[in-house]
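Student: Structure below; questions to follow.
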Amino acid sequence: MPKLNENYLNVQDSYLFAEIARRVKAYEENHPDKAGSIIRLGIGDVTRPLTKSAVEGLHKAVDEQTVSETFKGYGPEQGYEFARKAVADYYARNGVSVDADDVFISDGAKSDTGNITELFAQDNVILVPDPVYPVYVDTNTMDGKKIIYMNGTEENDFLPMPDNNVKADIIYLCSPNNPTGACYNKEQLKAWVDYALANEAVILFDSAYEAFVSEPELPRSIYAVEGAKKCAIEFCSLSKTAGFTGTRFSYTVVPKELVFATSDGKELSLHDMWNRRQSTKFNGTPYIIQYAAAQVFTEQGMSECMENISYYMENARVIAETLRKKNIPFTGGVNSPYIWFKCPNGMESWELFDHLLENIQVVGTPGAGFGVNGKNYFRLTSFGTHEKTKEAMERFDKLF
Ligand code: MLT
């Protein structure tokens, strides 16, 4: 009989967004007359179609695959050089130097932030903010690793800072934050880098929402902070930046400077380990997608993405305006597509979820799904269409 990984008993029965989808489906089945009026502002899934540059890139790459001279089979597991270079150039345009050799192309920040746990031994102490993107917690729980939490609350503007009395080996940070939309400034990130260097810890930095940062002085990469290459891995993706949620392209930067001693005094490089892991378990992102992504990273490609981002940020403005009108405290929506607000009338978040679904057919994400500190908070995404977002907020306005 196989011995199963019983750590799976310690995670929730289903992943947060799967649970939301299940509840919405059940509601649709029980209320077929209302199914058509449901507005989904729950999972952060985009609604704008792919940009012109991305689509032209896809078409061109597909054509290449039809001709034997340009046809491509297996590609490098780390990603094609042109794609790694396109990522490094994009960083450079944003004022951050990243070596193209340190860039690993993949199919999602979710997969990479989940898979990276393999590089770390069981007895590490994992420090995770609460609330947080549930993948960090679920994947470490599946591994049976010890997780400790730091509180993100109204008092610290949902931006927990390092505590020298807490000893952590691996630290997850997400900025702009999912779910709260809060964004660390450079000084705050420097405090984290200093903590990690002093404690020989590794920061796993999720910058999936970097393109939404609108305040120019805020860092969009942890590598904007000196010393970060000695202590941080960065994960990023085109899912939200370029509407690739269904197209799949991400990149993870594992600097060669990340070298740590083993228990018997040898040295191990996280870059080499990740390279070994990826070449063993991953056959690369499809050529077609990588080619299209490289077109997205051009100046023209990015300016098209920014048009879509402005479109979404107009939704964020509409959501924020309604919450302000109702005197409901919230964060986010300025440097992030997410708005995180206090549940009205002292409700708990799953209660508000049901209340909104039942009464106005609006789907959001209950804060409790992101941690205990989210119990009385709720997240709305600005990734809907203008029409649906406006309609959702009009219904919300009438309900409260
Ligand atoms: C979210 O809604 O938090 C994200 O869409 C989930 C993800 O990026 O995997």
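Where a number appears in this text, it was derived from the coordinates with a stated rule and is not lab data. If you're wondering where the values come from, they're calculated on a predicted model, not measured in any experiment. Every residue, glycine as well, gets a Cβ built from its backbone with ideal geometry; the counts of neighbours run over all protein chains shown.
Student: Would you check if A182 is in contact (Cβ under 8 Å) with a residue 24 or more places away in the chain, buried (at least 19 other Cβ atoms within 10 Å of the Cβ) and under 19 Å from the mean Cα position of the chain (by Cα)?
Tutor: On the way: in contact (Cβ under 8 Å) with a residue 24 or more places away in the chain: yes; buried (at least 19 other Cβ atoms within 10 Å of the Cβ): yes; under 19 Å from the mean Cα position of the chain (by Cα): yes.
Answer is yes for this residue.
Student: Another question about this same structure. Among the residues of the stretch 48-63, count how many are assigned to a loop (DSSP other than H, G, I, E, B) and among the hydroxyl-bearing types (S, T, Y).
Tutor: We begin by selecting, within the stretch 48-63, every residue assigned to a loop (DSSP other than H, G, I, E, B); these are 48-51.
From what's left, among the hydroxyl-bearing types (S, T, Y): 51.
Adding up the residues that qualify gives 1.
Student: Name the single residue, out of those in the stretch 1-53 being closer than 26 Å to R379 by Cβ and of a type in the set (K, R), that is farthest from the ligand (Cβ to nearest atom).
Tutor: Within the stretch 1-53, the match that is farthest from the ligand (Cβ to nearest atom) is K34.
Student: Moving on. Name the residue that is nearest to D169 (Cα to Cα), counting only residues in the stretch 82-116 that are within 16 Å of the ligand (Cβ to nearest atom) and in a helix (DSSP H, G or I).
Tutor: Within the stretch 82-116, the match that is nearest to D169 (Cα to Cα) is I116.
Student: Next question. Identify the residue in the stretch 227-273 that is among the β-branched types (V, I, T) and under 19 Å from L204 (Cα atoms) and, among all such residues, is surrounded by the fewest Cβ atoms within 10 Å (Cβ to Cβ). Write out each step before concluding.
Tutor: Kept after step one, since they are among the β-branched types (V, I, T), are these residues of the stretch 227-273: 233, 241, 245, 247, 252-254, 259, 262.
From the residues that got through so far, the ones that are under 19 Å from L204 (Cα atoms) too are 233, 252-254, 259.
Values: I233: 27, T252: 26, V253: 28, V254: 27, V259: 13.
Ranking the qualifying residues of the stretch 227-273, first place goes to V259.
Student: Still on this structure, I have one more. Looking at (1) hydroxyl-bearing (S, T, Y); (2) buried (at least 24 other Cβ atoms within 10 Å of the Cβ); (3) over 16 Å from the mean Cα position of the chain (by Cα), which is the only condition S336 fails?
Tutor: (3)
Student: Hey, another quick one. Please verify whether the stretch 157-179 includes one or more residues that are more than 30 Å from V46 (Cβ to Cβ) and among the hydroxyl-bearing types (S, T, Y).
Tutor: No - not one qualifying residue is present in the stretch 157-179.
Student: Something else: If I filter the stretch 358-365 for residues that are surrounded by 19 or more Cβ atoms within 10 Å (Cβ to Cβ) and away from the ligand (no atom under 16 Å from the Cβ), do I get at least one hit? Explain how you work it out, then say what you get.
Tutor: Taking the stretch 358-365 and keeping what is surrounded by 19 or more Cβ atoms within 10 Å (Cβ to Cβ), we get 360-365.
Right, trim to away from the ligand (no atom under 16 Å from the Cβ) and you get 360-361.
Scanning the stretch 358-365 turns up at least one residue that is surrounded by 19 or more Cβ atoms within 10 Å (Cβ to Cβ) and away from the ligand (no atom under 16 Å from the Cβ).
Student: Let me ask another. Which one is nearest to D107 (Cα to Cα) among residues in the stretch 234-251 that are hydrophobic (A, V, I, L, M, F, W, C) and assigned to a loop (DSSP other than H, G, I, E, B)? Walk me through how you get there before you give the answer.
Tutor: If we filter the stretch 234-251 for residues that are hydrophobic (A, V, I, L, M, F, W, C), which is where we start, we get 235-236, 238, 242, 244, 249.
Within this subset, residues satisfying the condition of being assigned to a loop (DSSP other than H, G, I, E, B) are 238, 242, 244, 249.
Details: L238: 10, A242: 14, F244: 10, F249: 5 Å.
So the residue we want is F249.
Student: Do we have any residue at all in the stretch 62-69 that's over 30 Å from A21 (Cα atoms), crowded, with 20+ Cβ neighbours inside 10 Å and more than 16 Å from the ligand (Cβ to nearest atom)?
Tutor: Pass one, the stretch 62-69, residues over 30 Å from A21 (Cα atoms): 62-69.
Of the ones still in play, those that are also crowded, with 20+ Cβ neighbours inside 10 Å are none.
No, the stretch 62-69 contains no residue that is over 30 Å from A21 (Cα atoms), crowded, with 20+ Cβ neighbours inside 10 Å and more than 16 Å from the ligand (Cβ to nearest atom).
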